[in-house]
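Bear in mind that the values in this text are calculations on the coordinates, not laboratory data. Every value quoted in this text rests on a predicted model; they were computed, and no experiment measured them. Please note: Cβ atoms are built from the backbone with ideal geometry, for glycine as well, and neighbour counts cover all protein chains shown.
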Amino acid sequence: MKIGFAFCGSFCTFAPAIAQLKHLADIGHELVPIMSFNASSIDTRFGTAADHISKIEAICGRSIIKTIEAAEPLGPREKLDMLIICPCTGNTLAKLALGVTDTPVTMAAKAHLRCDRPLLIALATNDGLSANLSNLNVMQKRKSVYFVPLIQDDPEHKPHSIVCSFDKLTDSLYAALRGEQLRPLFLN
């Protein structure tokens, strides 16, 4: 299968996201890496942009798409069987819900969805149960959009924060290909 794998700037979740990318490569999928402007350019305490890019490109065996122009053909010309946004930030979720296309990731999603192919969102956001809850609801109602099941990562100290259960990504991918949302959506 040809899978687009897009990274947004939830830098603290890059390690498990890259592990899932490697798993998909190891089981034989062709991977097309995509990064938002922030994901491809910001150095953080979780690693440098150059290090992340190097790891991702080595796993995928190809260069990362990191411009809007390069992401645009992913729908009509370069068909993907699936697009995964992992991690998807609350900012990107809000843009997708409102139809804003101003990053390589949002352009890839727009291009991919216009062909009614499945989009799998692996959310990681500190405001998923507050400011972004309505955007999660909007996207759940969209045709061809699916979510990796979610957990509260720290209910005591960050009561509005949710993150996908990275170990459910592969199962979520196959469910989405069948046109199904993996349940339950919210895990304990």
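Taking the highest mean first, how do the peptides 68-74, 16-22 order by number of other beta carbon atoms within 10 angstrom per residue? Kindly include the intermediate steps, with their values, before the conclusion.
Values: 68-74: 18.0, 16-22: 20.0.
Output ranking for 68-74, 16-22: 16-22, 68-74.
Determine the sum of side-chain charges near LYS110: Lys and Arg each +1, Asp and Glu each -1, restricted to other residues whose C-beta is under 15 angstrom from that of LYS110. Present the calculation step by step, with values, prior to reporting the outcome.
Values: positive: ARG77, LYS79, LYS95, ARG114, ARG117, ARG142, LYS143; negative: GLU69, GLU72, GLU78, ASP102, ASP116.
Overall, the nearby charge balance is +2.
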Legend entry - Extended-chain gain in nm, criterion 0.36 nm per residue less alpha-carbon gap, ASP81 and VAL100: 4.6 nm
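Among the listed pairs LYS2/LYS55; LYS2/LYS158; LYS55/LYS158; LYS55/LYS141; LYS55/LYS143, which are separated by more than 28 Å between their Cα atoms?
On the way: LYS2/LYS55 19 Å; LYS2/LYS158 36 Å; LYS55/LYS158 30 Å; LYS55/LYS141 34 Å; LYS55/LYS143 33 Å.
Among LYS2/LYS55; LYS2/LYS158; LYS55/LYS158; LYS55/LYS141; LYS55/LYS143, the Cα-Cα distance tops 28 Å for LYS2/LYS158; LYS55/LYS158; LYS55/LYS141; LYS55/LYS143.
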Legend entry - Helix-only mean residue ellipticity at 222 nm for the chain, each DSSP H run of n ≥ 4 adding -39500 (n - 2.57), per residue, nearest 500: -10000 deg cm²/dmol
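Only four residue types carry charge here, +1 at the Cβ of Lys and Arg and -1 at the Cβ of Asp and Glu. Report the dipole size of the range 54-104 about the Cα centre in Debye, rounded to the nearest 20. Walk me through the numbers on the way to the answer.
Values: 6 positive and 6 negative charges, 23 e Å.
Computed charge dipole of the range 54-104: roughly 100 debye.
Considering only DSSP beta bridges with both partners in the range 77-188, what is the antiparallel share in %, to the nearest 5?
On the way: 5 of 13 bridges.
Roughly 40 percent of the beta bridges in the range 77-188 run antiparallel, per DSSP.
Run through the DSSP bridge list for the range 2-177 and note the antiparallel percent, rounded to the nearest 5.
Numbers: 6 of 24 bridges.
If I count the DSSP bridges inside the range 2-177, around 25 percent turn out antiparallel.
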Legend entry - Simple label model, 7 Å out from Cα along Cβ direction - GLN181 to ARG114, nm: 2.6
Inset, instruction - Starting from the Cα of LYS141, move 7 Å in the Cα-to-Cβ direction to define the label point; list residues of the range 71-109 whose amide nitrogen is under 15 Å from there. - result: 97-99
Inset, instruction - Please report, in debye to the nearest 20, how large the charge dipole of the chain is about its Cα centre when each Lys and Arg carries +1 at its beta carbon and each Asp and Glu carries -1 there. - result: 520
Legend entry - Alpha-carbon centroid distance for the pair the range 160-186 / the range 25-85, whole angstrom: 20
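Calculate, in nm to one decimal, what THR170 and ASP43 gain on full extension: separation in residues at 0.36 nm each, minus their alpha carbon distance.
On the way: separation 127, 0.36 × 127 = 45.72 nm, distance 2.83 nm.
Fully extending the segment from THR170 to ASP43 adds 42.9 nm.
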